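Enquirer: This is the structure I have questions about; it appears just below.
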Amino acid sequence: MAVTTSRVLGTPAPPADVAARHFLGKLSFETDPSDVHADMAAGQPGFVVVDTRSRDAYREAHVPGAISLPHREMDAAGVAATLDPDDLVIVYCWGPHCNGAARGGARLAALGYRVKEMIGGIDGWRREGLTVATGD
């Protein structure tokens with residue numbers, strides 16, 4: 001009889017308090033389409049959603065109410081003219097296979113903005129069955 005080693009149990013899980021810190025820390029950096037949609041539908045103030053993809057991709061489909069601010073075009077003057085520094089900025093791109101949201105989030109954070117990433121991007125938004133907007 002062959003002895004097998006569990007791939008799941010081979011690396012022990014951390015103590016509960018360490019896991020709690022990890023997951024709370026993770027939540028401070030990200031949100032999901034369902035929560036963004038719920039807050040937008042409720043008119044919750046204090047955040048803005050930014051599509052970090054190209055302007056062409058934004059025109060094809062974007063989160064309703066999101067603004068187009070491609071990560072490759074972000075500079076201090078353009079960001080300051082577009083965003084309120086008191087708002088939390090929610091960035092997204094295509095989905096988990098795209099790092100445009102991370103790039104945009106890094107640039108915005110370097111400029112002093114508070115940022116979270118909407119995990120799943122526009123792909124996650126659609127998979128939740130949420131409607132998208134088109135055009136500018």
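The values are calculated or read from the model by the stated rules, or taken from the named source; none is laboratory data. Keep in mind that this is a model prediction, so the values were computed, not measured. Here Cβ is always computed from backbone atoms with ideal geometry, including for glycine, and neighbour counts include all displayed protein chains. Each accessible area value is taken on the protein alone, full model and side chains, heavy atoms only, with ligands, DNA and RNA left out. Shrake-Rupley method; radii C 1.70, N 1.55, O 1.52, S 1.80 Å.
Enquirer: Among [x] 12, 38, 28, 12, 7, 3, 0; [y] 13, 48, 33, 6, 0; [z] 13, 42, 32, 9, 4, 1, 0, which is the computed P(r) over Cα pairs in 10 Å bins from 0, in percent?
Expert: For P(r) over Cα pairs in 10 Å bins from 0, in percent, the calculated option is [x].
Enquirer: Counting only heavy atoms of protein chains, what accessible area per residue, in Å², does the range 90-136 have with a probe of 1.4 Å? Display every interim value, and only then the final one.
Expert: Working: 2560 Å² over 47 residues.
Value for the range 90-136: 55 Å² per residue.
Enquirer: Quick check: pseudo-label points 7 Å beyond the Cα along Cα→Cβ at I67 and T5, how many nm apart are they?
Expert: 5.2
Enquirer: Could you order L9, L69, L27 by accessible surface area, starting with the largest, using a probe radius of 1.4 Å? All intermediate terms of the calculation are to be shown ahead of the outcome.
Expert: Values: L9 135, L69 10, L27 100 Å².
Largest to smallest exposure gives the sequence L9, L27, L69.
Enquirer: Shifting gears a bit: With all protein chains present and a 1.4 Å probe, how do R127, R53, R7, R59 order by accessible area, largest first? Walk me through the numbers before you get to the answer.
Expert: Working: R127 190, R53 15, R7 230, R59 95 Å².
Output order, biggest surface exposure first: R7, R127, R59, R53.
Enquirer: Given N residues in the range 58-104, what is Rg(Cα) / (2.2 N^0.38 Å)? If you can, show how the numbers build up before the last one.
Expert: On the way: Rg = 11.1 Å, N = 47, 2.2 N^0.38 = 9.5 Å.
Relative to the 2.2 N^0.38 Å estimate, the range 58-104 comes out at 1.17.
Enquirer: Here is a follow-up. Using label points projected 7 Å from each Cα along Cα→Cβ, tell me how many nm separate A19 and D32, to one decimal.
Expert: Result for the modelled spin labels: 1.7 nm.
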